[in-house]
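The block underneath contains the structure these notes are about, expressed in structure tokens.
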Amino acid sequence: MTAVLLNSAAPWGAGDAVATAEHALAAGADGVGLADSPRLFPDCLVETQRVLAGTGARLAGPCVASLGLRHPAPLAGAVRTLERLHPGRVLTVVGRGESSVRNEGLDLPPLREYTATLAALREAVGDADLAGRLLGAASGPRTISATAAALGGVLVDAGADPGVVTRAAALAREADPAATVWLFLRATVTATDAEAAAAAEPVLGSCAMRLVSATEWYGLDADEVASAREVAGSHDYARHGTAAARGGAVTPADRWVRDRFLLTGDPTAITARLRPLAGLDIAGVVLAGAVAGVQDHLAELVPAVRAGLEEAA
């Protein structure tokens, strides 16, 4: 069965990770991921310990631990410690960083530097048995390939377009035929277009940033590139994951970006949009907790996602 986790992205004082995990488990999910952005969220490693010690979550862990801020040696030590305390239950996802890096006034690490950091992390993890549970988040083709080669596992964060996701999974397995592939999905059950638009507000600009960073990969023409840049430029990373992150006025490009990255509609519609991916051997899904309304409809969303990905099996 495809694992489904809810990524907890509750700002300081806005929620409790253990309560979020309990809610996710009651809705049929397997556990939670914990966002890593120290100015926005509580520490993801401490929260992982709280969740694994306080709930029956099958999986929990940092998602996405920022290697733009964290040195791989202490991160590996923390992961190994968590794994010793909770064998087989720690899922670790790392990445270059997004809000975590920008909010400290830093640049994202270049790909070559980041790839070396991934290799150092895997070496530092050493003989800890994390097979299939050490992943790197990746959106563009070069990062997907480099991550799969370095870690043997990728959390593909490339939206919901079947063609893009299919190419991403193929790239990962070209780099490592045994690579574990998970999907990061922004999805929620909605009844109206207004609800879908509201759901996208906290994440729309960061989705557009992914398009801007790999325009050829996403197949954008010149007009689409300009539109994506307009939406990306409106995102306030100091408020990442909240409705206030959408800093600019609504534009005609908003819906176009939203449709490429966000699954909305009733559960049947969500299942139908995922069905083309059912043959890709997706090991798990992380649902973006920053999407407005996702927790309110989680009990409908989790089975809809599983049905779409497992229908061909």
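The values are calculated or read from the model by the stated rules, or taken from the named source; none is laboratory data. Computed from a predicted model, the values in this text were never measured in an experiment. A quick note on method: Cβ atoms are made from the backbone with ideal geometry, for glycine too, and the neighbour counts reach across all protein chains shown. Heavy atoms of the whole protein, side chains included, go into the accessibility calculation; ligands, DNA and RNA do not. Shrake-Rupley method; radii C 1.70, N 1.55, O 1.52, S 1.80 Å.
Things worth noting here:
- Index of the failed condition, Ala120 passing every other in (1) among the aliphatic types (A, V, I, L, M); (2) surrounded by 20 or more Cβ atoms within 10 Å (Cβ to Cβ); (3) out of contact with any Asp or Glu (no Cβ under 6 Å at 6 or more places or on another chain): (2)
- Residues that are closer than 23 Å to Pro87 by Cβ and part of a loop (DSSP other than H, G, I, E, B) occur in segment 39-55; there is at least one.
- Residue among Leu75, Leu69, Leu45, Leu59 that is buried (at least 19 other Cβ atoms within 10 Å of the Cβ), in contact with a helix residue (DSSP H, G or I) (Cβ under 7 Å, 6 or more places away or on another chain), of a type in the set (A, V, I, L, M, F, W, C) and within 22 Å of Ala290 (Cα to Cα): Leu45
- Pick from segment 84-137, criterion part of a helix (DSSP H, G or I), basic (Lys, Arg) and more than 19 Å from Ala283 (Cβ to Cβ), ranking: farthest from the chain's Cα centre (by Cα): Arg84
- Residues located in segment 30-41, provided they are open to solvent by 10 Å² or more (accessible area, probe 1.4 Å) and touching a strand residue (DSSP E or B) at 6+ places or on another chain (Cβ under 8 Å): Asp30, Ala35, Asp36, Phe41
- Unique match (being more than 17 Å from the chain's Cα centre (by Cα) and at pLDDT below 95) among Leu52, Leu69: Leu69
- For segment 239-270, the candidate set comprises residues that are at pLDDT 80 or above, crowded, with 16+ Cβ neighbours inside 10 Å and among the β-branched types (Val, Ile, Thr); within that set, the residue that is nearest to Val285 (Cα to Cα) is Ile270.
- Taken residue by residue, segment 193-211 has at least one member that is within 14 Å of the chain's Cα centre (by Cα), among the hydroxyl-bearing types (Ser, Thr, Tyr) and surrounded by fewer than 24 Cβ atoms within 10 Å (Cβ to Cβ).
- Restricting attention to segment 1-23, the residues being open to solvent by less than 40 Å² (accessible area, probe 1.4 Å), of a type in the set (Gly, Ala, Ser) and over 27 Å from Gly279 (Cβ atoms) number 5.
- For the residues Thr192, Thr180, Thr166, the requirement of being over 13 Å from Val294 (Cα atoms), in contact with a strand residue (DSSP E or B) (Cβ under 7 Å, 6 or more places away or on another chain) and hydroxyl-bearing (Ser, Thr, Tyr) singles out Thr180.
- Given (1) within 20 Å of Thr271 (Cβ to Cβ); (2) open to solvent by less than 20 Å² (accessible area, probe 1.4 Å); (3) in contact (Cβ under 8 Å) with a residue 40 or more places away in the chain, index of the condition Val156 fails: (3)
- Check on Asp176, open to solvent by 10 Å² or more (accessible area, probe 1.4 Å), modelled with pLDDT of 95 or more and not basic (Lys, Arg): yes
- The set of residues from segment 273-293 being of a type in the set (A, V, I, L, M, F, W, C) and either within 15 Å of Pro162 (Cβ to Cβ) or crowded, with 22+ Cβ neighbours inside 10 Å (or both) comprises Leu274, Leu277, Ala278, Leu280, Ile282, Val285, Val286, Leu287, Ala288, Ala290, Val291.
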